[in-house]
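Each remark here refers to the structure printed beneath this line.
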Amino acid sequence: MNLVDTHAHLDFRQFDADRGAVIERAQSAGVAAMVNVGTDLASSRRAVALAAEHEQIYAAVGMHPHDAKRLDGAALADLRELAQQPRVVAVGEIGLDFYRDRSPRDVQRRAFRAQLAWAGKMGKPVVIHDREAHDEIMGILTNWAQGLQGSSLTGRLGVLHTFSGDLAMAERAVELGFYISISGPVTYKNAHRLAGVVQALPLDRILVETDCPFLTPHPHRGKRNEPAYVRLVAEKIAALKGISFDDLAKATTANAQRLFQFELQPSMFEEERQSTDIEHRTSNREHQTGRRQD
Ligand SMILES: [Zn+2]
């Protein structure tokens, strides 16, 4: 069983004290890959560094709408250069946040459009942050998608992360070629609308994520979130869709690989074998630990 946490912020200071242990716990919980998403230039640099250090981590680079006012020509050029690094699988997170409004809205729109244009040219899918800006997000993405018809991004334009819209919006986004990513809030008691979206969406368009350190799923709500908890999100979605956890894990992992086009490392498959072969679990793990040190 493998899961992919498609949206994590392991570079944030909340993980400074125990980052290595958090990454190991994710592996033990069956998280075969994580996409560490940048939020500004410094964070994007750290994301690329983490991806270089850990074979199970991939990076996305971009300027979050909160920091849109810092996206000048020089920052955009630096981000572009970073995006050429191996293991950078997406541009993000980018979008609009009309809830916090930490950058003026016209500045957010300009930064969003500039980064979309750049991602399209590079042939990288985008990781979209949308808070209380559903209509504008869909308008801008629809335009962008039209310009990319027949390109290598067809059908894999990106992901609407921590989706918070309604079913009509989700269906429109899927039609355009986006994936819908679900995080901790689906496990909360009042998540009726999101539960309905999950039930109605086709399984081959759903991703799972944590957005850690934020949005911690039940029953850990109130504490720091971490990639290992993506399992709780996946379990809830499996229950909502009435399918087995294994089927849900297989489908969402295949979806993440189709969108981001990465391979799972051979050692991950070894880990999968271990969990089906419990008798040899201990000796295998010792073997693997020993191998990882050289
Ligand atoms: Zn995020």
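State, in angstrom, two size descriptors of the stretch 107-258 derived from its alpha carbons: Rg to one decimal place and Dmax to the nearest whole number.
Both quantities, over Cα of the stretch 107-258: 15.4, 45 Å.
Which entries in the list K124/K223; K189/K223; K124/K241 go over 23 Å, if you measure between the two C-alpha atoms of each? Write out the running numbers ahead of the final one.
Numbers: K124/K223 33 Å; K189/K223 17 Å; K124/K241 30 Å.
Pairs exceeding the cut-off: K124/K223; K124/K241.
Which of the peptides 22-34, 58-70 is most tightly packed, and how do the rest follow, judged by the mean count of other Cβ atoms within 10 Å per residue?
58-70, 22-34
Please express the Cα-Cα pair-distance distribution P(r) of the chain as a list of whole percents, one per 5 Å bin, running from 0 to the bin with the greatest distance.
P(r) for the chain, in whole percents per bin: 1, 6, 13, 17, 19, 18, 13, 7, 3, 2, 1, 0.
Output the peptides 205-211, 217-223, 172-178, 253-259 sorted from most to least packed, where packing is the average of other Cβ atoms within 10 Å over each peptide's residues.
Per-residue Cβ counts within 10 Å, averaged per peptide and sorted highest first, yield 205-211, 253-259, 172-178, 217-223.
Amide H to amide H, which residues 5 or more places from T210 or on other chains are under 5 Å from it, using H placed in the peptide plane?
Hits under the 5 Å cutoff: T6, H7.
When only Cα pairs under 8 Å and 6 or more residues apart are kept, what is the percent relative contact order across the chain?
Worked out over the chain, it gives 19 percent.
Just want the answer: with Cβ charges of +1 for Lys and Arg and -1 for Asp and Glu, which residue in V22, A170, N225 is farthest toward the dipole's positive end in the chain?
Comparing the listed Cα positions along the dipole, A170 ranks first.
Bear in mind that the values in this text are calculations on the coordinates, not laboratory data. From a predicted model like this one, the values you see are computed outputs, not experimental measurements. For neighbour counting, all protein chains shown are included, and Cβ atoms are generated from backbone atoms with ideal geometry for every residue, glycine included.
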